[in-house]
1. Take the residues in segment 193-219 that are touching a Phe, Trp or Tyr at 6+ places or on another chain (Cβ under 7 Å) and charged (D, E, K, R); name whichever of them is modelled with the lowest pLDDT.
2. If we only count strands (runs of 3 or more DSSP E) wholly inside segment 1-87, which ones have 1 or more residues that are loosely packed, with under 13 Cβ neighbours inside 10 Å and of a type in the set (Val, Ile, Thr)?
3. Of the residues that sit in segment 264-273 and are modelled with pLDDT of 90 or more and open to solvent by 10 Å² or more (accessible area, probe 1.4 Å), which one is farthest from residue 231 (Cα to Cα)?
4. Of 139, 96, 119, which residue is at pLDDT below 90, at negative phi and touching a strand residue (DSSP E or B) at 6+ places or on another chain (Cβ under 9 Å)?
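The values are calculated or read from the model by the stated rules, or taken from the named source; none is laboratory data. From a predicted model like this one, the values you see are computed outputs, not experimental measurements. With ideal geometry, Cβ positions are generated from the backbone for all residues, glycine too; neighbour counts draw on all protein chains shown. Surface areas here come from the heavy atoms of the whole protein model, side chains and all, with no ligands, DNA or RNA. Shrake-Rupley method; radii C 1.70, N 1.55, O 1.52, S 1.80 Å.
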Amino acid sequence: MKTNLLENQSVRQIDITKVKDNDSFLYADDIAVEEPLEIRVSYGIKDQRENKNISVTMRTPGNDEELAAGFLFTEGIISGNHQIKNIQRPEAECSRNQENVVIIDLADGFIPELMKVDRNFYTTSSCGVCGKGSIDSIRTVSSFQHIQKDAETIAFDTLYQLSENLRSFQNNFSATGGIHASGIFDYHGNLLALREDVGRHNALDKLIGHALFTNQLPLKNTILVLSGRASFELIQKAAMAGISIVAAIGAPSSLAIDLAKEFDMTLLGFLRENRFNIYNTASNHRIIGK
């Protein structure tokens, strides 16, 4: 699988006026870039390819190929990297629009089940589920749901350090203060990979796209740490990737908790330096103190 993508900036500097106490002053501020990304797929036999627009999502430019591939995987449109032949930009469009469109050429002869995607054409950066026709349509069945899970014990101290470790590697957040992150850690608290985006679901799709390209799926022996809250959609994406422990710095929703129980996942929320809440514990996990 080859990629042919353009570079893009995720942070832009603008001049602003800062106010503090009774004073104001000019300041050069870094802001997170938010732009639309249109994801298209091309599929069919060699000389009879069909093209379809799949989604438009508001994202932070960068790692667009991972975002597009991760999106197709977590939506159940593809099941593996082998079904992607090429990722490219449209050649016949203006330069600016070209940067905001990704075309995924699927393997010759592979026909995706696009009816699985019951999605309006536009989704916002804050909610990748917006536009879904019903809750049932996003209960995508994970091919890793029934894999053998090893018994694991996770210490409080390992979990306590995750929020600070995630923050320390969030370069774009440090610059802008306005961007989400998804990070994968091993059971000893070591960071394996991290992706940032203005959209929570985009950051996770980028991370899963990275795992897809590097043949790391399923991510069954890892902890997913979310910089914000845990929504139904993020738990669904984690389940698709074979992740069985999700720790959110924010709160989980009721549907996220229900889905974690359905998929036998450990779900933690309000993760801080010395505290967290346990909303569900997987049957193969033990979370212990000293």
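1. Across segment 193-219, the extreme among qualifying residues is 196.
2. The strands (runs of 3 or more DSSP E) meeting that bar are 11-20, 35-45.
3. For segment 264-273, the residue satisfying everything is 264.
4. Just one listed residue meets the conditions, 119.
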